[in-house]
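To keep things clear, I will list the structure first and then write my remarks on it.
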Ligand code: NAP
């Protein structure tokens, strides 16, 4: 008999067909349905869970007593209670790599967009203000040759650094938990303590995951260290930046502007002061949202779940210790990695 999985995201037809080939699939369009009786009944029976967006907390996990694996269609898993999964021996899989370049493109478009005031000037034109050639009031600032500080030099941070150094001749500074000698050699990137990076950068790009250590990593004190003519880009998770402090810094003109793909509360409430600021370029969390990349993410997450529920090691496993503990307890369980 096929295992039951709960799918809480609309996926592309071939991905759905793949999942149905392997599983009985209870389909829902997001976690907004999570209080419905049919959702709760499926959750109570589900051995697998796959989807994106929304909080999977300890209460949610407790309502799924048969759950063996969760496969998120994202690289970030800050919305999922990992400790609760680990305590129950439930595998968690994610989708790194396939979204790296697309998300780096998004971060870079935010950077270019705020520097050259793209959204503001496009709106100015649509509003009929282009009566004569533009003047100093419409000028942006250069990107090429400037200094970019990357907070979180991982897969996406490295891809942004390549765009900056190789495409735009920028000087790249970075901070991470560990040094990146290869990127230093390849791009001339230089490691800095966070405070020094903030003080030297013309653009600060946040690409660190949201964890207990990074929550509000960029707060009032850090924003005060930035140059008044510098811009903040956040394409990671909203809460890595203290949004109230950011709003305050922007209102006081402590920094020049911000490019934001992510927010502390999503969807961003329409009354957010950020939406009224001409020097803020805000996007609705679309870092990886291209047709090709979302398809690749869905496929990756589907294969992760297929492997996890078949007793094979999924390619992208967040909590391998769960698998190791299971292997010790039951030596028959396969530890072979997925062939893909
Ligand atoms: P990654 O490869 O794990 O890179 C994360 C980087 O952050 C690493 O360099 C890590 O340092 C660094 N880091 C971790 N904790 C830190 C701390 N306390 N202080 C400074 N740096 C720290 O992850 P990724 O694939 O690049 O993705 C990064 C994040 O982007 C994801 O977690 C996700 O939240 C976000 N994201 C957003 C979107 C979007 O739609 N906007 C799309 C994809 C991803 P080490 O290398 O030393 O470990």
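Numbers at a glance
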{"quantity": "Residue among 223, 210 that alone is in a loop (DSSP other than H, G, I, E, B), touching a helix residue (DSSP H, G or I) at 6+ places or on another chain (Cβ under 7 Å) and either touching a residue at least 60 places away in the same chain (Cβ under 8 Å) or within 21 Å of residue 277 (Cα to Cα) (or both)", "calculated": "210"}
{"quantity": "Unmet criterion (only one of (1) under 30 Å from residue 220 (Cα atoms); (2) crowded, with 18+ Cβ neighbours inside 10 Å) for residue 251", "calculated": "(2)"}
{"quantity": "The listed residue being modelled with pLDDT of 95 or more and farther than 27 Å from residue 318 by Cβ, out of 158, 169, 152", "calculated": "169"}
{"quantity": "Any chance residue 229 is farther than 26 Å from residue 75 by Cβ and surrounded by fewer than 17 Cβ atoms within 10 Å (Cβ to Cβ)", "calculated": "yes"}
{"quantity": "Enumeration of residues in region 120-155 that are under 24 Å from residue 227 (Cβ atoms) and part of a helix (DSSP H, G or I)", "calculated": "120, 121, 136, 137, 138"}
{"quantity": "Residues being farther than 24 Å from residue 218 by Cα and under 17 Å from the mean Cα position of the chain (by Cα) - total across region 149-198", "calculated": "0"}
{"quantity": "Condition met for residue 244 (more than 16 Å from the ligand (Cβ to nearest atom), exposed (fewer than 14 other Cβ atoms within 10 Å of the Cβ) and on the phi > 0 side of the Ramachandran plot)", "calculated": "no"}
{"quantity": "Filter result (farther than 17 Å from residue 280 by Cβ and touching a residue at least 40 places away in the same chain (Cβ under 8 Å)) within region 112-144", "calculated": "143"}
{"quantity": "Yes/no for residue 25 being modelled with pLDDT of 95 or more and either under 25 Å from the mean Cα position of the chain (by Cα) or closer than 29 Å to residue 157 by Cβ (or both)", "calculated": "no"}
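Per-residue answers, yes or no, for (1) crowded, with 16+ Cβ neighbours inside 10 Å; (2) within 29 Å of residue 208 (Cβ to Cβ); (3) touching a residue at least 12 places away in the same chain (Cβ under 8 Å):
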| site | (1), (2), (3) |
| --- | --- |
| 16 | yes, no, no |
| 26 | yes, no, yes |
| 29 | no, no, yes |
| 37 | no, no, no |
| 40 | no, no, yes |
| 46 | yes, no, yes |
| 63 | no, no, yes |
| 68 | yes, no, yes |
| 80 | yes, yes, yes |
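The values are calculated or read from the model by the stated rules, or taken from the named source; none is laboratory data. These numbers come from a predicted model, not from an experiment. Every residue, glycine among them, receives a Cβ derived from its backbone with ideal geometry; neighbour counts consider all protein chains shown.
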